[in-house]
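Report on the structure given below.
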Amino acid sequence: MAERIWDTPEITGWRRVTAHAIRHDLDGPDRRRSLDGTWRFQLLDHPEQAAGADWTEIRVPGAWTVQPAGGADLPHYTNVTMPWPGAPLPPPGHNPTGVYERDVDVPAAWAGRRIVLHVGAAESVLLARVNGVDVGWSKDAHLAAEFDITAAVRPGEPNTVRLTVVKWSDASAIEDQDQWWHAGLTRSVFLYSTGTTYLGDLRTVAARDGSLRVDVRVLSTGRTLPVGWRVSVTLDGRPVPLDTAHEQQQIDVDRVSDWWAEPRFSTVVPAVVPWSDETPSLSTLDVVLHDFDGAELDRTRIRIGFRDVTIVGRDLLVNGVRVMIRGVNRHDFDPRTGRTVTAAQMRADLVLMKRYGFNAIRTSHYPNDPVLLDLADELGLYVVDEANIEAHDHAHEIADDVRYLPAFVDRVARMVSRDRNHPSVIIWSLGNESDYGANHDAAAGWLRRADPTRPLQYEGAIKDDWTGGLAGSDIVCPMYPSLAQIVEHARSGDQNRPLIMCEYSHAMGNSNGTLADHWAAIESTPGLQGGFIWEFWDHGILQRLADGRPAGPSAGEHWRDGAAEPGYRWAYGGDFGDSPNDGTFCADGLVFPDRTPKPAMAEHRELASPIRLSDAGDGMVRIVNRSAFRDLGRLQAAWELNGGLLPMTLPALGPGQATQIPVPSAPGTPDGEQWLTLRVSVGQEQPWAPAGTEIARPQVRLRPEKRPLTARAGATGGGTPAEVDDDGLLIHPTFAVAPRLSLWRAPTDNDRIGGQAARWLRLGLADAVRRVTGIQREADRTLVDAVYETTAGPVRHHLTARRIGPVILIGEEVVLPEGLDDVPRVGTVLQLKAGYDEMSWFGHGPRDTYPDRHAGGPVGDYTCRIDDAFTPYLRPQESGGRHGVRRLRLTGPDTPPVELIMDEPRQVSVTRFTAADLDRAAHHDELTPRAEAVIHLDAAHRGLGTASCGPDTLARYLVHAGTYRWEWTVSAPG
């Protein structure tokens, strides 16, 4: 074995094939042999330990940390902190090292040909041997390593391939991303064969005006290139001529050296459809190497798109048009394999993104499988392609450490060399959270020379000065700035380039508050151009409760609608005995580990709607086409009004155009509140959605509710006092627990990590003691005065209750003292007796909505099972809220219906859990649903914000000290 290469930053690889853009993963069986499947495996304590005679089996691709062969080496989650203390070097003495081995039959027909071993990804150091011969080493856990093994292989005979993977290394210090630490061979392994003269690389530049340049590299393993060989290039079957500076397509003319040739081709293709997120038009490019008789010796095929990416002033332009970047950060993730994902899974990711209005991905924080870029090309998603560099825990030291200089340049250069032909890649990224130093500038210098057709970005270059760092970033790409910061910068007059946030709106648990506020500012402020939500996935690993181990890649589906089935749970940091760890911080995605969308996805979908409605007055609505490149002809729509659907023909509007159209008329117009909704769907089948797939529901209110509360509740005439017990609590036959004041919510992840929950506990809001100070019964009402004791002083609560015909009318007033500024809620909590299983309401829905996150929940009539009203965020927390509820009805098969009507739209929730139930549980398997329905009716509810990582909610969504008054009715008994 090599002399401690895992402890030598200067070594990035040995005898690796130079990175290139020629794809061999789709070659036919005559040129490629897959090595995926079952391998022999041993897990050693450290890389200097010799392998023994005892082998077990392991699945490739796949991390050993989620397979039985991995033994006690289980997944380990940290965000910033390295898994070992102190300096990054040397790695720890206990350094799990996996030895993979299998026998391979190499076809006899490959004799005399060049044979290459391709290892798609290895974490973190790879050492390769064939038939006992060292054939190469490699670092970089997220880019392929290829080795020319021709001299070591015996075609027509069995051959033994041994791959040794060392888990901890100098490379670990620059792969310190916010994700689970795994180890193993996580992408496909295969052999491929070429002739001794072969296509070595390919570079294309295709512009929106139809100009095309194709640079081909031809290499030879011998001392000289053959005489008379040539290259041909076709685009969609039509020949692309050699560049006009050349007279023939002979390699000899374009020879760089005896063993290297670079023929160049160029043309102008008429009437191209430029590639963009809305028009992902692709052409097929074939490149063929011929011998002197014209016979085909080598071939490659790629799909290209004609498009331009430029920066003009403060704007990033695609094809000359300023586009909004509606992005999301994405890791390679699977709840059973940890890191290994299939093409079908990647397609499912991107299809879901497209359906929810995303048009961009940042490959956080490493190059993804190249198949993902193929899919982004096809489906239409912009990509920020990010190098596998994150030195988070030791960022300042490593950014200027000359020992790591080769690794920085190598990782950026190999990414660019692999991915440069993808039209979806519009921006390169130098990595993530690694401070900023000379190593970054060196990598940026290489990149700018190698690919001047795209801008590059790096958050570290601008983090201290949004007008500086020009050598390292062409874009101001801050991480979690406040809304006020980005608006102030755009209006300052100092902005010198586009501002596109690399991370914002942290999606941890019940989160993504103020997303609508962000987009209102972005769309109305020149210089702001969007950003990337953190992130797509919750990284919960499916864990068997019986033995505490990962369920593993062979496990079936043990989940439904985001929740793990009984006997399993979603594991997060610390659940595998991993220490140090960062707990639930890996559960910060827009989708659950099973790819079920969280409610925040609907928020983004509506904000990204290609159509926007507004009330224009005089019976008209204004409709705007918010697309950048296409008219509305690709969409279909229908009106929803008064509970029915009406046909609608979209007006012929080009990108950015607007018009006014009459409000449709519908039978059965109510005399109360009225909303007009436009159901927008895909009009023609797309690769990411069949025709008829709904993609938005823009909505406008036509008439507010003006009837008094008692009229809406059906109450008329005089009233009588409502009954209360000796503690001043309302008596009702359906109440299991009578209404009380509630000032507490089960902390969200944002509340806990942002520090609010600890403050609320210190204030005593979770268990404030209630003390009755007076009960009066007047002619038509009952009055109750009470005090709730907190460490900031008493909270005074005044309640009046009277029965009016079919309802009990309750009025409440609460005075919060000055010391109780910024509390989670002010409202009423009660429990209904067992037997209620369905809820229906008029308000925002159908899923969770909150004061600062309800744009994705159109106002309407909704019904759901109470058991389904709760959203199972990985750590139990406040959930199930519905914003702007006007009326609520609960029913069961053997119980009298209960209806609550509010004086104005309120925040309401109905679940099977109290706030205390949720707060006590760390996982859902620790929760036992109550038979009772727990109802919260809030006069005010604090916004969600994103304070677990980023700004808290805005001031207008806080619940401040002061006086709160609200009224509601509940259906009277008897």
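No lab work stands behind these numbers, since they all come straight from the coordinates. Computed from a predicted model, the values in this text were never measured in an experiment. Here the Cβ positions follow ideal geometry from the backbone for every residue, glycine too, while neighbour counts run over all protein chains shown.
Sorting CYS949, CYS864, CYS477 by the number of Cβ atoms found within 10 Å of their own Cβ, with the fewest placed first, yields CYS864, CYS949, CYS477. Residues whose amide H lies under 5 Å from that of MET620, counting only those 5 or more places away or on a different chain, are VAL663; hydrogens are built 1.01 Å from N in the peptide plane.
Taking θ as phi - 60° and the Karplus parameters 6.51, -1.76 and 1.60, the scalar couplings of region 187-195 work out to 10, 4, 10, 7, 9, 9, 10, 9, x Hz in sequence order, x denoting glycine and proline. Taking the fewest neighbouring Cβ atoms within 10 Å as the starting point, the ordered list for ILE22, ILE500 is ILE22, ILE500.
Please work out whether the chain counts as rounded, prolate or oblate from its C-alpha gyration tensor, where a ≥ b ≥ c are the square roots of the eigenvalues and a/c under 1.5 means rounded, while otherwise a/b larger than b/c means prolate and anything else oblate? Prolate shape, in that a/c is at least 1.5 and a/b is the bigger ratio.
If R0 is 35 Å, the Cβ-Cβ spacing of THR342 and ARG213 corresponds to a FRET efficiency of close to 0.55. The alpha-carbon atoms of region 208-304, seen along their principal axes, cover 48, 24, 21 angstrom, with the largest extent given first.
In sequence order, region 145-160 has phi-based couplings of 10, 10, 10, 6, 10, 3, 5, 9, 9, 10, x, x, 10, x, 10, 10 Hz under the Karplus curve 6.51 cos²θ - 1.76 cosθ + 1.60, θ = phi - 60°, and Gly or Pro positions carry x.
The helix-based estimate of mean residue ellipticity at 222 nm for the chain, built from -39,500 (n - 2.57) per DSSP H run of four or more residues and divided by its residue count, is -3000 deg cm²/dmol to the nearest 500.
DSSP beta bridges confined to region 712-971 are antiparallel in about 100 percent of cases. Subtracting the Cα-Cα distance of ASP631 and ALA931 from 0.36 nm times their residue separation leaves 102.8 nm of extension gain.
Cysteine residues of the chain whose C-beta has no other cysteine C-beta under 4.7 angstrom: CYS586, CYS864, CYS949.
Inter-part distance, region 124-144 to region 146-206, computed on C-alpha centroids, equals 6 Å.
Take the Cβ atoms of ALA972 and ALA638, set R0 to 51 Å, and the FRET efficiency comes out at 0.80. Using a Förster distance of 30 angstrom, determine the FRET efficiency expected from the C-beta separation of ARG703 and THR863, and round it to 0.05. The pair ARG703/THR863 has a calculated efficiency of 0.80.
Its Cα centre serving as origin, region 208-304 has a Cβ charge dipole (Lys and Arg +1, Asp and Glu -1) of approximately 100 debye. Working note: Karplus 6.51/-1.76/1.60 with θ = phi - 60° gives region 737-754 the couplings 9, 5, x, 9, 6, 10, 10, 10, 10, 4, x, 6, 4, 5, 5, 5, 6, x Hz, where Gly and Pro are set to x.
By other beta-carbon atoms within 10 Å, ranking ILE311, ILE541 with the fewest at the front produces ILE311, ILE541. Shape analysis of region 5-194 places it in the prolate category; the axes a ≥ b ≥ c from the Cα gyration tensor give an a/c of at least 1.5, with a/b above b/c. Looking at the square roots a ≥ b ≥ c of the eigenvalues of the Cα gyration tensor of region 336-460, which shape do they give, rounded for a/c under 1.5, prolate if a/b is larger than b/c, or oblate? Prolate is the answer for region 336-460, as a/c is 1.5 or above and a/b outweighs b/c.
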